[in-house]
Amino acid sequence: MNDAMYFSLPEDLLCVDSRVEAGVPIDAITCAIARADSVLTLLEDHFEGESRLANHVIAAVIWDVRGTLGLIKTLALHGDTTSIPAAQKGGVL
């Protein structure tokens, strides 16, 4: 295993690759939203179904959604920092 990757923090690895083109990565954001929705559906079934999930499963669901929200934030910030405002490029809103 690469030592640089072995000693990295999750925040160091959850970033947008420098080779990605500028703009809002809408496909990646849509995929992340769908993932969070799927995981929340699992949690919803816990409250609506007859079977109960273990506490560690519920905690993992919450942890996963928090991580996915962080990923969406990272992707949105990439889009914001690499996009040119309409006023600067002569467009209209």
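State, to one decimal in nm, how far the label point of Phe47 lies from the label point of Ser83, with both points 7 Å from Cα in the Cβ direction.
The modelled label-to-label distance comes out at 3.2 nm.
Need one number: nm distance between label points at Arg66 and Cys31, each 7 Å from Cα along Cα→Cβ, rounded to one decimal.
2.5 nm
Multiply the residue gap between Ser18 and Lys73 by 0.36 nm, knock off their C-alpha separation, and tell me the result in nm, one decimal place.
Values: separation 55, 0.36 × 55 = 19.80 nm, distance 1.67 nm.
Residue separation times 0.36 nm, minus the Cα-Cα distance, leaves 18.1 nm.
When ranked by the protection proxy of mean other Cβ atoms within 10 Å per residue, highest first, what sequence do the peptides 69-78, 30-39, 54-63 form?
Details: 69-78: 16.3, 30-39: 14.7, 54-63: 11.8.
In descending order of packing, they fall as 69-78, 30-39, 54-63.
Values in this text are rule-based calculations from the coordinates and carry no lab data. Given the structure is predicted, the values throughout are model-derived calculations rather than measurements. Note that each Cβ is placed from the backbone with ideal geometry, even for glycine, and that neighbours are counted across all protein chains shown.
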